[in-house]
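Inspection log for the structure reproduced underneath, given as structure tokens.
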Amino acid sequence: MAIERTFSMIKPDATARNLTGKIVAKLEDAGLRVVASKRIHMSLAQAEAFYAVHKGRPFYEELTKQMSAGPVVVQVLEGENAILKNREVMGATNPANAAEGTIRKEFALSIGENSAHGSDAPETAAEEIAFWFSKTEIVG
Ligand code: RTP
Ligand code: MG
């Protein structure tokens, strides 16, 4: 199995409740390594650009407002099968459907305030990492 990198974000609903460490612990326990991390407060324009793929969907405006409403922690995770592993640890988008032990089952408040984001494919992982990090900020 190849070593992959993926992009992960701890969302404003989670930073507001001081859950950063608990979320990172779940990722590390699954074998993922944080190779880049920073806490930022993105602008609405940055949220709109980051989530441009969802432009036109009914939840786009609420999503971009929520993501720019408070601090987030953006991270690069490295490990075997990191993209799929991260999404497994996050659980289903809607916390009502998320499996026991997942980040969203334990911490998410709703489908919108669902505590974490993770890239869904190798192409989006590369794009999302490059959106937030320069090469020198990632230390494997
Ligand atoms: P993510 O991109 O955040 O890792 O989550 P995902 O792949 O599981 O979900 P996606 O379909 O890409 O949606 C991105 C985020 O938009 C919010 N959302 N709200 N109200 C709604 O129906 C709805 N659908 C999606 C969620 O916060 C989701 O994580
Ligand atoms: Mg997604």
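The values are calculated or read from the model by the stated rules, or taken from the named source; none is laboratory data. Everything quoted here is computed from the prediction, not taken from an experiment. With ideal geometry, Cβ positions are generated from the backbone for all residues, glycine too; neighbour counts draw on all protein chains shown.
Against the test of being more than 20 Å from residue 31 (Cβ to Cβ), at pLDDT 95 or above, surrounded by 22 or more Cβ atoms within 10 Å (Cβ to Cβ) and in contact with a strand residue (DSSP E or B) (Cβ under 7 Å, 6 or more places away or on another chain), the options 72, 76 yield a single qualifying residue, 72.
Answer with yes or no whether residue 125 is within 16 Å of ligand 2 (Cβ to nearest atom) and either more than 19 Å from residue 24 (Cα to Cα) or without any contact (Cβ under 8 Å) to a residue 60 or more places away in the chain (or both). Answer is no for this residue. When segment 30-45 is filtered for residues that are more than 29 Å from residue 3 (Cβ to Cβ) and either surrounded by 14 or more Cβ atoms within 10 Å (Cβ to Cβ) or not hydroxyl-bearing (Ser, Thr, Tyr) (or both), the ones remaining, listed by number, are 41, 44, 45.
When we screen 116, 49 for residues that are touching a helix residue (DSSP H, G or I) at 6+ places or on another chain (Cβ under 6 Å) and surrounded by 13 or more Cβ atoms within 10 Å (Cβ to Cβ), the only hit is 116. Contact map, segment 17-40: residues that are more than 16 Å from residue 84 (Cα to Cα) paired with residues that are at pLDDT below 95, Cβ distance under 8 Å, separation 6+ or inter-chain. Pairs shown: 35/140. Looking at segment 28-138, the strands (runs of 3 or more DSSP E) lying wholly inside it that each contain 3 or more residues that are within 14 Å of ligand 1 (Cβ to nearest atom) and either basic (Lys, Arg) or under 19 Å from residue 16 (Cβ atoms) (or both) sit at 72-80. In this structure, residue 83 does satisfy being more than 19 Å from residue 15 (Cα to Cα) and modelled with pLDDT of 95 or more. Can you find, within segment 69-89, the residue that is farthest from the chain's Cα centre (by Cα) among those that are among the small types (Gly, Ala, Ser) and within 19 Å of residue 130 (Cα to Cα)? Restricting to residues being among the small types (Gly, Ala, Ser) and within 19 Å of residue 130 (Cα to Cα), the top hit is 79.
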